[in-house]
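One structure is given here, and the rest of the page talks about it.
The values are calculated or read from the model by the stated rules, or taken from the named source; none is laboratory data. All figures in this text were calculated on a predicted structure; none of them were measured in a lab. Virtual Cβ from ideal backbone geometry, glycine too; neighbours counted across all protein chains shown. What goes into the accessible areas is simple: the full protein's heavy atoms, side chains included, and nothing from ligands, DNA or RNA. Shrake-Rupley method; radii C 1.70, N 1.55, O 1.52, S 1.80 Å.
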Amino acid sequence: MGNLINTIKRFIGNKNTVTILGVVAGVLVLWGFYSYRVSEATTPIKVPYAKEMIEAAEQITDENIGYTEINSKFLRSADIITNKNELINKYVTTGTSIPAGGLFYKSQVVEKSALPNTIYDDIPDGYTVYGLAVNNHTTYGNSIYPGDNIDLYIKATDENNKIMFGLFIEKITVLGVRDSSGKDVFGSSNTGNPAELLFSVQNDMYELLMNAGYISGITIVPVPRNRNYSVGGGTPKTYEFFKDYILSKTVQISE
């Protein structure tokens, strides 16, 4: 027994033996790591797919979704949604569709508010959507958001070249903020530059605002308020003054 132990000690103490054992251990580690990466890259992963074609601006429901397996290596190289909870009640963005059997890419799926025309769905009769041209400066560093209640002021110059500035519309709700291409400014993680604020106004107010936009020297100025600023305010005292001023600069078309 003692001879066997001495033999093992001499074998382990041999430099060549240590080198060989180190090489073998290194090869085993590399082989294990390689096997793990190959297994990880080739293991199939279940992802949702469209059971039938889903058109642009169409809502995605649970009935639209099935599951299929894809290679996990492909998943890492593609922007694919892997959880159906990220899909249900979302919408297919405009300009695209998802074919039957197709996977759901993140760039194709948006919230309803991100669709250009959905703000018109709940506009009551007798109202029209008005778009006010803005920029990053006039929106106070892009700090006006959909759902905010703000005021609209008018800046103008009278016949004596004196500046007029006052409240025109009080407590109006912002329906959307669009960039120059008509996309929702806040529709993705990459916030865009505001170009237009959208409101719903009564038809006669819409005509006044449109007329004001065509009159040289009149500027409509959005003014944000705090979060407690509720909708449904009264008519400001300066409204009739600016209404008469706008009408004096326009011709009324008889019906």
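Computed values, structure above
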{"quantity": "Label point at Ile123 placed 7 Å out along Cα→Cβ; residues across segment 199-220 whose backbone nitrogen lies under 19 Å", "calculated": "199-214"}
{"quantity": "Built amide H within the under 5 Å cut-off of Glu58, gap 5+", "calculated": "Val92"}
{"quantity": "Sites Asp244 and Asp179, calculated FRET efficiency, Cβ-Cβ separation with R0 51 Å, nearest 0.05", "calculated": "0.90"}
{"quantity": "Shape call, segment 190-247: gyration tensor on alpha carbons, a/c limit 1.5", "calculated": "oblate"}
{"quantity": "Segment Tyr140-Glu52, length gained on full extension (0.36 nm per residue, minus Cα span)", "calculated": "27.2 nm"}
{"quantity": "Cross-link table Lys112/Lys243; Lys112/Lys155; Lys183/Lys237; Lys155/Lys237, entries beyond 26 Å C-alpha to C-alpha", "calculated": "Lys112/Lys243; Lys112/Lys155; Lys183/Lys237"}
{"quantity": "Of all accessible heavy-atom area on segment 123-255, the percent that carbon and sulfur account for (1.4 Å)", "calculated": "48 percent"}
